[in-house]
Amino acid sequence: MADHSALPLVVLAERFASLPGIGMKSAQRLAYYVMSMDEESVEDFAQALIDAKKNVHSCKCCQNLTERELCPICSDDERDKSIICVVESPKDVTAFERTREYGGVYHVLHGLLSPMDGITPDRLRIRELLGRISAGGVEEVIMATNPTVEGDATAMYIAGLLKPMGITVTRLAFGLPVGGILEYADEITLFKALENRNTM
């Protein structure tokens with residue numbers, strides 16, 4: 001921002017710019033928009049940020065984000081607990097739920113293997129997944145990581161850990177474009193990818 005801008009406004013724009021996908025021009029627009037809001041709306045917005053950060057945490061079972069001990073999906077007795085769909089992030093759970101076709105449960109890794117970036121297996125929620133499977137009742141694990149180098153490496157690594165446990169491990173069919181991102185896929189593409197998954 002230009003030198004003539006008030007310092008708190010510059011700092012606010014810099015905070016917005018630190019968010020993924022927001023460049024400095026968008027950050028400046030957001031900062032100026034906040035300045036046009038009435039004080040009560042700004043306080044409500046700030047409180048929503050604080051409440052989300054304080055009250056949302058990982059589900060103790062699937063690692064998805066929730067404000068309860070167990071997320072609504074893990075708590076749902078209608079869901080098929082014998083099938084676990086492994087995804088990279090909570091956004092991917094939302095993408096699959098939009099299809100209204102998947103009746104199993106999920107496991108969120110919160111990242112993908114990437115040794116170049118220092119993301120090793122111990123940085124992901126793989127130990128929790130193995131614990132769920134060791135508890136019994138799981139018949140199939142669907143590796144639904146993105147079809148990227150990191151996604152494939154993560155899927156292969158986890159499949160290698162699960163096969164000795166006698167679990168069927170499948171991979172989403174590549175109805176998804178290589179290099180694509182799950183959260184941007186439409187419902188039909190995701191459903192077809194689920195339907196045509198392959199054994200690993």
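With N as its number of residues, the chain has a Cα radius of gyration that, divided by 2.2 N^0.38 Å, comes to 1.22.
Each label point was placed 7 Å from the Cα along the Cα-to-Cβ direction; for ARG123 and ALA48 their separation is 3.1 nm.
Between ARG100 and SER41, the simple label model (points 7 Å from Cα in the Cβ direction) yields a spacing of 3.3 nm.
For the range 126-193, the Cα gyration tensor yields ellipsoid semi-axes of 24, 13, 10 Å (square root of five times each eigenvalue, largest first, whole Å). Under 17 Å from a label point set 7 Å out along the Cα-to-Cβ vector of ARG68, the amide N atoms of the range 79-93 belong to 79-81. For the range 49-167, the Stokes-Einstein estimate of translational diffusion at 25 °C and a viscosity of 0.890 mPa s comes to 166 µm²/s, using the Kirkwood hydrodynamic radius over alpha-carbon pairs. For the range 64-106, the extents of the C-alpha atoms along the principal axes are 24, 22, 16 Å, listed from largest to smallest. Ranking PHE16, ASN146, TYR157 by how far each Cα lies toward the positive end of the dipole of the chain (charges on Cβ) leaves TYR157 at the top. Between VAL11 and TYR32, the contour length at 0.36 nm per residue exceeds the Cα-Cα span by 6.4 nm. Helix-only arithmetic for the chain: the sum of -39500 (n - 2.57) across DSSP H runs with n ≥ 4, divided by the residue total, places the mean residue ellipticity at 222 nm at -13000 deg cm²/dmol. Over 32 Å apart at the Cα level, from the set LYS53/LYS81; LYS25/LYS192; LYS60/LYS163; LYS25/LYS91; LYS60/LYS192, are LYS25/LYS192.
With charges set only on the Cβ (+1 for Lys and Arg, -1 for Asp and Glu), what does the dipole of the chain come to about its Cα centre, in debye to the nearest 20? Could the numbers behind the result be given before it?
Details: 20 positive and 29 negative charges, 137 e Å.
That gives the chain a dipole magnitude of about 660 debye.
For the pair THR168 and LYS60 in one chain, pulling the backbone fully straight at 0.36 nm per residue adds 36.5 nm over the alpha carbon distance. Each residue of the range 79-89 is assigned a 3J(HN,Hα), and the resulting list reads 6, 7, 6, 7, 10, 10, 9, 8, 10, 6, 9 Hz, derived from the Karplus form 6.51 cos²θ - 1.76 cosθ + 1.60 (θ = phi - 60°), x at Gly and Pro.
Between TYR157 and SER134, what FRET efficiency comes out of the Förster formula 1/(1 + (r/R0)^6) with R0 = 22 Å and r the beta carbon distance, rounded to 0.05?
Numbers: r = 18 Å, r/R0 = 0.80.
Rounded to the nearest 0.05, the efficiency is 0.80.
Overall, the range 92-162 carries a charge dipole of about 180 debye about its Cα centre when +1 sits on the Cβ of Lys and Arg and -1 on the Cβ of Asp and Glu, all other atoms neutral. Applying both filters, DSSP loop and at most 15 other Cβ atoms within 10 Å, to the GluC sites (Glu not before Pro) of the range 43-81 gives GLU67, GLU69, GLU78. Per-residue accessible area (protein heavy atoms, 1.4 Å probe) orders ILE181, ILE84 as ILE181, ILE84, starting from the largest.
Put LEU182, LEU7 in order of accessible area, highest first, and with a 1.4 Å probe you get LEU7, LEU182.
The values are calculated or read from the model by the stated rules, or taken from the named source; none is laboratory data. This one's a predicted model, so the numbers in the text were calculated from it and none came from an experiment. Methodologically, a virtual Cβ is constructed for each residue, glycine included, from the backbone with ideal geometry; neighbour enumeration extends over all protein chains shown. Note: areas computed on protein heavy atoms with side chains; ligands, DNA, RNA excluded. Shrake-Rupley method; radii C 1.70, N 1.55, O 1.52, S 1.80 Å.
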